[in-house]
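In what follows, a single structure is set out as structure tokens and then discussed.
The values are calculated or read from the model by the stated rules, or taken from the named source; none is laboratory data. Computed from a prediction, not measured in an experiment: that's the story for all the values here. Cβ atoms come from the backbone with ideal geometry, glycine included; neighbour counts cover every protein chain shown.
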Amino acid sequence: MIFPILSVIIFTPIAAGIIILLVKAENQSLIKRIALTAVIINLVLSAFVYFRYDVAAAGYQYIEKIPWVTSLGISYHVGVDGISVPMVLLAGIVVFCGVLVSWNVDDRPREFFAFLMFLAASVYGVFCSLDLFLLFFFFELAVFPKYLMIVMWGSPKTRDYGGMKLTLYLFLGSVIALVGALAIYVGSGMNSFDMLELEKAGFSLEFQRIWFPFVFFGFAILSGIFPFHSWAPDGHVAAPTAISMLLAGVEMKVGAFSALRVGIMLLPEGAKVWAPLILVLATINVVYGAFIAMIQKDFKYVIGFSSVSHMGLVLIGFATLNNEGLLGAGMQMFSHGIMTALFFAIVGMVYDRTHTRDIARLGGLNRVMPWAAIGFIVGGLVSMGMPGFSGFVAEFPIFMGAWQTMPMAAVIAAIGIVVTSAYILLVVRKVFFGDLPEEFGGPPKENIQPEGSPSDADMMEKPKRNLPISDINVMDKVAVGLLVLTMIALGWFPSLMAPIVQSGVDRILVILGGI
Amino acid sequence: MTGDVPSMLLKILPEIGMIILVGVVLIVDLVTGKDKPKPFGWIVFFGLLIILILSIFVSQPGSEPELIWGGMLRVDSAGFIFRLLFISAAALTCLITIDHPGLSGRGEFYALLLVSTLGMTLMASAADLIMIFLAIETTSMPLYILAGFLIKDKKSVESGLKYFLFGVGTSTVMLFGFSYIYGLTGTTQLYEIGAAMSSGEIPVLMMAGTMILVLVGFGFKISAVPFHFWAPDVYEGAPTPIAGFLSTASKAAGFAVLMRVFSGIYPSITPLWTILISVLAVASMVIGNFLALAQKNIKRLLAYSSIAQAGYMLIGVAAGTSLGLSAATYYLLAYLLTNIAAFAVVHIVGKSTGSDDISAYAGLSRRSPGLAFVMLIALLSLAGIPPFAGFIGKVLVFTAAMQADMAWLAILGVLNSIVALYYYLVIMKTMYSLPSMEGDRKIIVSPASIAALSLCMVGVILFGTIMFGYGLNLTELASLAFLSY
Amino acid sequence: MDLLEGHLLSWILFTPTIAAVILLFIPGDRVQLIRRIALGASLIPLILSLAVWIQFDPAVNGFQLEEKISWYGELNAYYHVGIDGISLTLVLLTTILSPLAILASYNITDRVKPYMILFLLLETGMLGVFLMLDLMMFFVFWEVGLVPMYFLINQWGGKNRNYASLKFILYTIGGSLGLLLAIQLIGVLTGTFDIPELFVLWPNIGAELSLYGLPAETIKSIAFWAFVLAFAIKVPVWPFHTWLPDAHTEAPTAGSMILAGVLLKLGGYGFIRLVLPLFPVEAKYYAGALAALATLAIIFGALSAFGQSDFKRLVAYSSINHMGFVILGVATAAWAAGTQDAIIAVNGAVLQMFTHGLSSAGMFFLVGVLYDRAHTRDLNEFGGLAAILPVYGGVLIFISMASLGLPGLAGFVSEFMVVRGAWPIFTLATVLSMIGLFFTGAYVLKALMKVLHGPLNQKWNGKISEMNVREIFVIAPLMVLILTIGIWPAWIVDVINRAVMIWF
């Protein structure tokens, strides 16, 4: 019997979560070690699956299929292809780093890590699902961990609003997609939820034109498509660090991925009809997100909007429906996932020490947190699309794809990149270079005015004088190091990922062209 | 009308068993003195357990539905499965009432509970209008009393009274409808009526008219809009375990009889009643959800939530297909386990804090992580989130709607579930993120309640995951039984 | 040995990176060790470049020592390195200046480790641009060089470094954005990024080939301007020069040496290697404008330099002035491709890049030497230093003369060649450039006078020391090279010439 590696990947976090819930709440170190073990196992297995993926064979691999509800045609059917296997690896890396970064959580760590595990399982499940029902099952599974983790451990002033907004918005997206998926199921006449079979269903153009928006936009809401993106900044900022990493780094990709799998791959003709609109909206994402990011005063909001902007690039790639665009989108999902996880991790580290996210109050942190500074700078370079890093190898083909379908989009999106460079450089300079404020151990200045209006209350607490700010600890360093190395490695050796994604794209092109 | 008396007796063995159990309870009550502890809860629980096992092994229906007792009852999978549901609900309710100070030592309470359950099983198997009416009354009368059981509590008495008045009123309308049907067709046997209705001799308008009248009675039982007005007050005032029993078993019985009657009597005007039911469904969902938003009392909130949940189940019925009825049944199953658990938690928290306000749940996760967790699962299942049975139920009803070309109904359903999610999330947030008002004093949960809650949770999770296929097979059997005549 | 022999260019390219990685693991306080490793590592590419120079066969058509490995196969982009006379010259320049700059950086004491790491990465970046024969990788290295330079200016620079570094990087990134988009377009239209292939494919791209409704001509024009803009900012061509004075002035000494010595040449190289061969038609069309801008650069650069009182800023403006000649040569080649004049002009342009690299590096270094001692760059503060710093004075005069274009020194040869080539083609521009030369002389002499001659400004007496051995070591090779080229340029011109003749 072949070792059911994908099932192990999916169910290890579930098992770990259940075990953690049974542990006594006071036994913090045991809880954390269980969580760490689970994520290490997952990381190793994900890497294994990734590096052993057979590019030549293409198609779905590591398939497992067990019938679940035969009368409805539902089965537990999992497998990975060239698009999903990098996502599995991404999840493995980001969840691992998320656990590392959360090592010092001391408020009800039992629930924290258990919910984190369930969230991770949901993500793996979606990426590996080849059955439409199963995909939804895992997709919705994430709702309660997301909500609870934000309201229980998020920033005190905004977590209620941010958590509720995020959850309701995402639920809206997923139920709309559910209706569309059910329409596909019913309309196919095959009495099967199996996506491989549904690909061959041959829906009429009318059918596809009507139902494509349901599934695509429903899922794309989770990826932050304009104008349904406003949950993202509020939700991501309100969430605790590890959840922001998971949300922006992986969950948004779950949305885009599902939109691809269920929307584009099952309803390709519908995709062609709606692609121009998606392209326009995605371009707006890129530019609008960048401009809004530029004017933010809260450090975390800058990153939140930056995520919205970069996901726009992924969606542009999808909407081109051509080889280069899809290739770039696949790579960008990975690259951006790592990058934004890194950003949020570092923002969290800064906040843990300075207790503020107000850019105006931060400064000169590279003197006391050099590792964090380097990590953030690398992340910033990636987000600017600087060659030598993964962002460039992902964005380049997206633009090539865009040139072939809607050149204006490429030009306008390029403006977004320039704006991104500007705000990244400015934020880096202000927060990490420049003068270290007195409250964080810097040299005394005359006349420090306390900044901030009452509405900024969430970002600030009372400044503590001469706080000894330490650089990030070992766990954090491992996380930051892993994320940075991944982006550099991919930037210089795109062949580490491109062939795999390409094999997935080839198949999609067949679907798009064949019908 | 088949079978000799012994085999017919076997078929109704569970009902006979319940009658015997009532007798046992009353005798024990008489025999034991006033101040001795009276373990009625345990007695009835184990009694019902035995009946349940008996019913599974001895009283299974044959491969073909058959009418017994002169066409009064129909032994088929639908009746069988629903009976299992009712007995389980009653058993769980017994467990929960064991630690209720006002109820646990009262023999008549359990007797009434059993009689009501008996009525419900008859409702599910009834194949004759008279039997239906009798069964409904047998179910409802004890429930009226049970709702007002706590005589010292003004709210309880008020709720009992309200329930009674409303119930009697709607029953009367329904009876009027029944009499009309008899007048039109000349028989009270369901399937003969169905044949007569389908023959085309009876004008559609008349059929529709009787349908509406009949629906009044059924609508009341399932607390669908616009027959729902009693629900919030009754749920709030009644003893909490009874509210749980009401909201689940009684509603299920209502659905059973609704499904049976409508598929049995009105197959020829199916398009008409599907529209009617869908309107009811939408109204229930919308009104139930939106009014729930404003509630501060958790029992009232759960009442409105139940109204909305009835709406979702009605979507399944409105589809009218075998998948639709099967979906409604699965939903009922999920809902039953979930709501009993939810009300159990409400009961325990209410007993400990003395309040049924949502604000009393603040910090529950610290005071009793287990209770909070159970409530969490219950709310998530109600909202339709995996891996819980409620998710399956929702997906099934929406699939049925889509299959029946009623995409609009499915869309309205999903949009409503967003609204519902909001208020469920608020409760979750209250439990998990707000600090508790009375410090972190632990709440003690009795072993019986722990048993009941665990059973419910296990059921919710299993039917949401592994036993999905198995559960669906059962409900499909039931739905096919409803649809065959 | 074959590993070395077969991949000579790759070794040149990546040795600095390997060294930078090694440095990562050395504790930051072992300053001397760090410096030595950095210096040693930067000498290796120099030795290897000399080996290449010796091996190089000028008679061969096209590129030599090529290596080609698939890099981003799905997009048909390769790691493709190769060298011809033009790029070899510039590689040599880079590998000469880098160790000298590192040696010059010995006076940096603050955070030596990151400084050296950045410097080494910078060297790789620059070498990459000169060595790459694939557009995508060309772009990668083009951008890669920006980040280390940004940090070098920002962290170790002068008072106004924040503004200067930000302006530098934003300006350059903005310019290269167009380049990026144009490269993407080329990739889309031709399916390849390979430069030698594109030399053949791109100019002949069929008129019927179009993109989304736009005819090929339009697309080529857009791409042309995108390329031109990016390179024009780098050179810099007037009026895209405004980033330069601040960047050069605020950068640390070694940073300015590299900035003026090599980085500006990336732009010129871009013109010669890419713009002229890929867009011959468009280049010819706009050659006149380019010549005009070149002339303006020469004149205004000189005038601005003359007006400066900050020594370093003066030298910065002189770079604009000198690079103007490079552009004049390029403009000539654009207009008159294939003629003898064009060949001479381009020869001059390439040589000018080399000589200016030497002389400007030298000038910046000397300014730095003085600043280290006097902590001011204000020309008015000095006076009569020749009396107390004879060696420095002599060296300064030498390098200044090179900068001025004194016959017998390198600058003269290159400028002469450019002028000789441009004269028949752009006579007016050339004449005006001569006027510019006049002003060049003016500012050079002004600087010399203010610093070295006149009465000794007493406050410096006894306060500043003579050049030390290390500094001599830095400046000496430059002086030797300048002199050699000035007297006997054939060794280098020959190499350049052959390459130029092939392409033009």
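crowded, with 17+ Cβ neighbours inside 10 Å and either more than 22 Å from C:Glu197 (Cβ to Cβ) or modelled with pLDDT of 85 or more (or both): is that true of C:Pro99 in this structure? In short, yes. No other residue among C:Val228, C:Val235 is over 18 Å from C:Val140 (Cα atoms), more than 14 Å from chain A (Cβ to nearest Cβ), modelled with pLDDT of 85 or more and buried (at least 23 other Cβ atoms within 10 Å of the Cβ) apart from C:Val235.
The combined condition, being modelled with pLDDT of 90 or more, assigned to a loop (DSSP other than H, G, I, E, B) and not charged (D, E, K, R), is fulfilled by B:Ile385.
So if I check each of A:Pro109, A:Pro145, A:Pro156, which one is of a type outside the set (A, V, I, L, M), within 10 Å of chain B (Cβ to nearest Cβ) and under 30 Å from A:Leu30 (Cβ atoms)? Answer to the selection: A:Pro156. Yes or no: C:Gly368 assigned to a helix (DSSP H, G or I) and either free of Cβ contacts under 8 Å to residues at least 24 places away in the same chain or β-branched (Val, Ile, Thr) (or both)? Answer is no for this residue. Being under 30 Å from A:Tyr76 (Cβ atoms), surrounded by fewer than 24 Cβ atoms within 10 Å (Cβ to Cβ), of a type in the set (A, V, I, L, M) and away from chain A (no Cβ under 12 Å) is a description that does not apply to B:Leu376.
On the stretch given as the stretch B:140-158, residues that are charged (D, E, K, R) and either touching a Ser or Thr at 6+ places or on another chain (Cβ under 6 Å) or crowded, with 18+ Cβ neighbours inside 10 Å (or both) total 0. Of the residues making up the stretch C:217-235, none is assigned to a loop (DSSP other than H, G, I, E, B) and not hydrophobic (A, V, I, L, M, F, W, C). Summed over the stretch C:433-468, the residues that are closer than 13 Å to C:Gly383 by Cα, of a type in the set (D, E, K, R) and over 27 Å from the mean Cα position of the chain (by Cα) give a count of 2. Taking first residues from the stretch A:10-31 that are more than 18 Å from B:Arg367 (Cα to Cα) and partners that are outside any loop (DSSP other than H, G, I, E, B) and among the aromatic types (Phe, Trp, Tyr), the Cβ contacts under 6 Å between residues at least 6 apart in sequence or on separate chains come to A:Ile10/A:Tyr124; A:Gly17/A:Phe118; A:Ile20/A:Phe113; A:Ile31/A:Phe113. When residues in the stretch B:351-373 are screened for being over 21 Å from B:Val458 (Cβ atoms), within 13 Å of another protein chain (Cβ to nearest Cβ) and not in a helix (DSSP H, G or I), 2 of them pass. Scanning the stretch B:309-345 for residues that are surrounded by fewer than 24 Cβ atoms within 10 Å (Cβ to Cβ) and in a helix (DSSP H, G or I) gives a single hit, B:Ser322. If the condition is being within 19 Å of the chain's Cα centre (by Cα) and under 19 Å from B:Thr139 (Cα atoms), then the stretch B:53-87 contributes B:Ala78, B:Gly79, B:Phe80, B:Ile81, B:Phe82, B:Arg83, B:Leu84, B:Leu85, B:Phe86, B:Ile87. When B:Pro435 is tested against (1) within 10 Å of chain A (Cβ to nearest Cβ); (2) outside any helix (DSSP H, G or I); (3) not aliphatic (A, V, I, L, M), exactly one condition is not met: (1). Between B:Gly413, B:Gly390, the distinction of being more than 8 Å from every other protein chain (Cβ to nearest Cβ), assigned to a helix (DSSP H, G or I), out of contact with any Gly (no Cβ under 6 Å at 6 or more places or on another chain) and modelled with pLDDT of 90 or more belongs to B:Gly413 only.
In summary, A:Phe207 fulfils each of the numbered conditions (1) within 12 Å of chain B (Cβ to nearest Cβ); (2) crowded, with 24+ Cβ neighbours inside 10 Å; (3) farther than 17 Å from B:Ala420 by Cα; (4) touching a Gly at 6+ places or on another chain (Cβ under 8 Å) with the single exception of condition (2). Can you find even one residue in the stretch C:149-162 that is within 14 Å of chain A (Cβ to nearest Cβ), closer than 17 Å to A:Trp492 by Cα and either crowded, with 24+ Cβ neighbours inside 10 Å or small (Gly, Ala, Ser) (or both)? Taking every residue of the stretch C:149-162 in turn, none turns out to be within 14 Å of chain A (Cβ to nearest Cβ), closer than 17 Å to A:Trp492 by Cα and either crowded, with 24+ Cβ neighbours inside 10 Å or small (Gly, Ala, Ser) (or both).
Of all the listed residues (B:Leu49, B:Leu112), the sole one being touching a Pro at 6+ places or on another chain (Cβ under 9 Å), surrounded by fewer than 24 Cβ atoms within 10 Å (Cβ to Cβ) and at pLDDT 80 or above is B:Leu112.
Would you call C:Val21 within 14 Å of chain A (Cβ to nearest Cβ) and either of a type in the set (Val, Ile, Thr) or under 18 Å from C:Ala499 (Cα atoms) (or both)? Criteria met by C:Val21. Just wondering, is there one or more residues in the stretch A:351-373 that are within 14 Å of A:Gly249 (Cβ to Cβ) and either at pLDDT below 90 or away from every other protein chain (no Cβ under 13 Å) (or both)? No, that holds for no residue. For the residues A:Phe118, A:Phe133, A:Phe127, the requirement of being at the interface with chain B (Cβ under 9 Å from one of its Cβ atoms) and either in contact (Cβ under 8 Å) with a residue 12 or more places away in the chain or not in a helix (DSSP H, G or I) (or both) singles out A:Phe133. For the stretch C:284-294, the criterion of being in a helix (DSSP H, G or I), of a type outside the set (Ser, Thr, Tyr) and in contact with a Lys or Arg (Cβ under 7 Å, 6 or more places away or on another chain) is met by no residue.
When you look at A:Ile18, is it surrounded by fewer than 21 Cβ atoms within 10 Å (Cβ to Cβ) and within 14 Å of chain B (Cβ to nearest Cβ), yes or no? When the stated conditions are applied, A:Ile18 passes them. Going by the structure shown, is B:Ala252 touching a Leu at 6+ places or on another chain (Cβ under 6 Å), closer than 25 Å to B:Asp76 by Cα and modelled with pLDDT of 90 or more? Judged against the criteria, B:Ala252 is a match. Within the bounds of the stretch B:399-408, is there any residue that is surrounded by fewer than 20 Cβ atoms within 10 Å (Cβ to Cβ) and more than 9 Å from chain A (Cβ to nearest Cβ)? Yes, because at least one residue in the stretch B:399-408 is surrounded by fewer than 20 Cβ atoms within 10 Å (Cβ to Cβ) and more than 9 Å from chain A (Cβ to nearest Cβ).
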